[in-house]
Each structure stands twice: as C-alpha cells, then as structure tokens.
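**Q** Before I ask anything, let me first share the structure, which is written out below as structure tokens.
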Amino acid sequence: MNNPIDIPHEYVTCLDHVGIAVPDLDAALEFYRSAFGWVNLHQETNEEQGVVEAMVGPADHAPTAGVIQLLAPLNESSTIAKFLEKKGPGLQQMCLRTSNMDALCEHLRGSGVRLLYPEPKRGTGGARINFVHPKDAGGVLLELTEPAAD
Ligand code: CMX
C-alpha cells in the first residue's frame with residue numbers, strides 16, 4: 001500500500017542535528033574550532049524560541065550529514081536558560097529531518113505520541129519545526145524539522 005502515513009521512513013530522511021545547551025556561544029564555537037576544526041555554518045537568533053543558535057560542522061559537510069546545534073539563551077525566560085539552570089550545559093535535544101511534516105505529525109498523533117505544538121513553528125532558516133515530548137521518546141527531546149524549500 002502506497003500510503004505515506006504507513007511508511008514514515010520514506011519521509012524521515014536523516015539525523016539533522018543534535019542540540020547542545022551552552023551558556024556562552026563564542027566559547028563553545030571556539031571549542032569545536034580548536035578541537036576539531038569545525039566551523040560556524042549558520043548562525044541566527046530565534047526570538048520565539050528564545051535562542052541564539054549556531055550550526056557547527058566541517059566546512060565541506062554533506063547536506064545529509066548531521067551537525068551540532070549550539071543553543072545559547074536569549075533571555076532568562078528562554079527554554080534554554082531553564083534547561084541550563086536545571087541540568088547545566090549539555091545535550092538538550094536531537095532532531096530528525098522530514099520531507100513531510102504534516103504527514104509525520106498525523107502519523108505520530110495517530111500513534112498516540114504527544115507533540116508539543118498543535119501546528120509547526122518557525123525553526124532554523126525558516127524550517128517548520130515541532131517536538132515530540134521527551135516522555136514519549138525515551139527521555140530525549142526529539143525535534144522534527146522540515147527545511148524551507150530553498
Ligand atoms: N531532554 C530530556 N528530558 C527533558 C528535557 C530535555 N531537553 N526537558 C525536560 N525534560 C524532562 C524533565 O526532566 C522532566 O522529567 P521528570 O518529570 O522526570 O523530572 C519532564 O521532561 C518534564 O519537564 P518539565 O519541567 O515539566 O518541563 P520543562 O518546563 O522542562 O519543559 C519541554 C520541557 C520539553 C516542554 C520544553 O523544554 C520545551 O518546550 N521544549 C521545546 C522548545 C525548545 O526546546 N526550544 C529551544 C530549542 C529551539 C530550536 O531547536 O530551534
């Protein structure tokens with residue numbers, strides 16, 4: 001049966017990134033540069049999510065190769081500020097890339113998996129994002145991202 005709701009592996013395409021909460025973005029960038037020669041591939045501020053984020057990887061990274069997302073809090077009410085306060089710096093999330101966010105969300109909700117947002121929000125580079133609650137994903141905050149068309 002060629003129903004995309006039944007075959008999520010066809011539209012959940014790769015590990016997009018792992019997200020690390022950091023108190024100091026510049027210090028974290030310098031660590032990945034000096035330790036591994038990795039570079040800041042993309043940086044932006046997402047006011048809604050309360051973060052300044054930087055995608056870090058090898059300068060010639062392949063489009064489907066997972067990268068590291070450094071997440072620094074934009075203000076004290078930021079999710080990342082709360083995470084740093086409760087747990088300290090470290091792995092905050094893992095993100096899977098999808099080519100069909102709507103079908104994936106329908107599939108997950110139909111399976112009883114809790115998503116944090118009723119509709120996707122704006123993520124890195126204009127991507128559509130949502131999150132699986134960590135309690136429904138083995139203790140891992142699981143982000144889902146559908147990159148912007150360009
Ligand atoms: N990873 C794993 N478990 C986590 C977690 C995380 N990042 N954050 C919270 N939890 C756990 C808590 O430890 C807690 O477990 P216990 O009940 O066993 O103690 C449980 O989840 C619920 O925690 P909570 O205190 O009730 O909820 P929080 O206020 O910590 O919020 C969450 C948790 C996931 C709802 C919140 O972090 C959230 O909305 N995240 C999505 C948005 C986000 O992370 N934005 C920043 C990144 C932006 C981007 O990637 O673009």
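The values are calculated or read from the model by the stated rules, or taken from the named source; none is laboratory data. Fair warning: this is a prediction, and the values are worked out from it, not measured in the lab. FYI the Cβ positions are ideal-geometry reconstructions off the backbone, even for glycines, and counts take in every protein chain you see.
**Q** Look through Leu29, Leu15 and report the one residue that is modelled with pLDDT of 95 or more, more than 18 Å from Val132 (Cβ to Cβ) and not small (Gly, Ala, Ser).
**A** Leu29 is the lone residue from the list that is modelled with pLDDT of 95 or more, more than 18 Å from Val132 (Cβ to Cβ) and not small (Gly, Ala, Ser).
**Q** Based on this model, can you work out whether Asp102 counts as more than 15 Å from the ligand (Cβ to nearest atom), modelled with pLDDT of 95 or more and charged (D, E, K, R)?
**A** So Asp102 fits the description; yes.
**Q** A further question follows. Step by step: first the residues of the range 47-67, then only those that are part of a strand (DSSP E or B) and β-branched (Val, Ile, Thr), then the one that is surrounded by the most Cβ atoms within 10 Å (Cβ to Cβ). Which residue is that?
**A** From the range 47-67, those part of a strand (DSSP E or B) are 51-57, 67; that's our starting set.
The next check asks that each one be β-branched (Val, Ile, Thr); those that pass are 51-52, 56, 67.
Working: Val51: 26, Val52: 18, Val56: 24, Val67: 19.
Only one residue fits best here, namely Val51.
**Q** Is one or more of the residues making up the range 120-132 exposed (fewer than 13 other Cβ atoms within 10 Å of the Cβ) and among the aromatic types (Phe, Trp, Tyr)?
**A** No, the range 120-132 contains no residue that is exposed (fewer than 13 other Cβ atoms within 10 Å of the Cβ) and among the aromatic types (Phe, Trp, Tyr).
**Q** A further question on this structure: Return yes or no: is Glu143 acidic (Asp, Glu), within 29 Å of Ala27 (Cα to Cα) and free of Cβ contacts under 8 Å to residues at least 40 places away in the same chain?
**A** Considered against the rule, which asks whether it is acidic (Asp, Glu), within 29 Å of Ala27 (Cα to Cα) and free of Cβ contacts under 8 Å to residues at least 40 places away in the same chain, Glu143 comes out as no.
**Q** Here's another thing I want to ask about it. Would you point out which residue out of Leu70, Leu108 is surrounded by 13 or more Cβ atoms within 10 Å (Cβ to Cβ), within 12 Å of the ligand (Cβ to nearest atom) and in contact (Cβ under 8 Å) with a residue 24 or more places away in the chain?
**A** Leu70
**Q** Condition first: away from the ligand (no atom under 11 Å from the Cβ), surrounded by fewer than 19 Cβ atoms within 10 Å (Cβ to Cβ) and within 17 Å of the chain's Cα centre (by Cα). Now tell me which residues in the range 19-46 satisfy that.
**A** Passing the criteria: Leu25, Asn40, Leu41, His42, Gln43.
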